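S.K.: Here it is, the structure, as structure tokens.
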Amino acid sequence: MKTPRANHILLTIFLLLAFASCRRDVVPDNIVDTATLTQFLTEAYIVQSYDHIVVAENRDSLGHLTDGAYDSLYSKYGITQEQYDSSWTYYLNHPNLLVDIYDRVVANLNSFAERKTAGHTADNNNSQQSSNHITP
């Protein structure tokens, strides 16, 4: 028969194991946080799309606008390419976090596209109204 003390020890060990298994992974210090990475990726995709448009419109361009733009983004967000690479690997190994990041990136890009479309529509409406307006 087990003593009450043995039961307490077993219960304590069980509770410690239960709490340890429920804790979240501690993100290493060199990993870019999810909010920063979300903003970085959003801007990187915008730069890439701009680069593709320039290449499509100007066949002489080699499409290397993004090289300098990435350096600017790294500087803007205070990260290095090595930190980005380590972070990318970390988030690939934590797919739930990566899915959350990309959900926010997609939402940011959709919002950006809507603002650009609304601005473009407003510019077109203003130019049509001014061309239809007859001045004395």
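The values are calculated or read from the model by the stated rules, or taken from the named source; none is laboratory data. Here the structure is a predicted model, which means the values were calculated and not measured. Positions of Cβ are generated from backbone atoms using ideal geometry, with glycine treated the same way; all protein chains shown enter the neighbour counts.
S.K.: Would you be able to tell me the number of residues in the range 30-44 that are acidic (Asp, Glu) and outside any helix (DSSP H, G or I)?
M.R.: Final tally of qualifying residues: 1.
S.K.: Please verify whether the range 52-75 includes one or more residues that are of a type in the set (D, E, K, R), loosely packed, with under 13 Cβ neighbours inside 10 Å, modelled with pLDDT of 75 or more and not in a loop (DSSP other than H, G, I, E, B). Explain how you work it out, then say what you get.
M.R.: Initial filter on the range 52-75 (of a type in the set (D, E, K, R)): 57, 59-60, 67, 71.
Subset that is loosely packed, with under 13 Cβ neighbours inside 10 Å: 57, 59-60, 67, 71.
Of the ones still in play, those that are also modelled with pLDDT of 75 or more are 71.
If we keep only those that are not in a loop (DSSP other than H, G, I, E, B) too, we end up with 71.
Among the residues of the range 52-75, at least one is of a type in the set (D, E, K, R), loosely packed, with under 13 Cβ neighbours inside 10 Å, modelled with pLDDT of 75 or more and not in a loop (DSSP other than H, G, I, E, B), which makes the answer yes.
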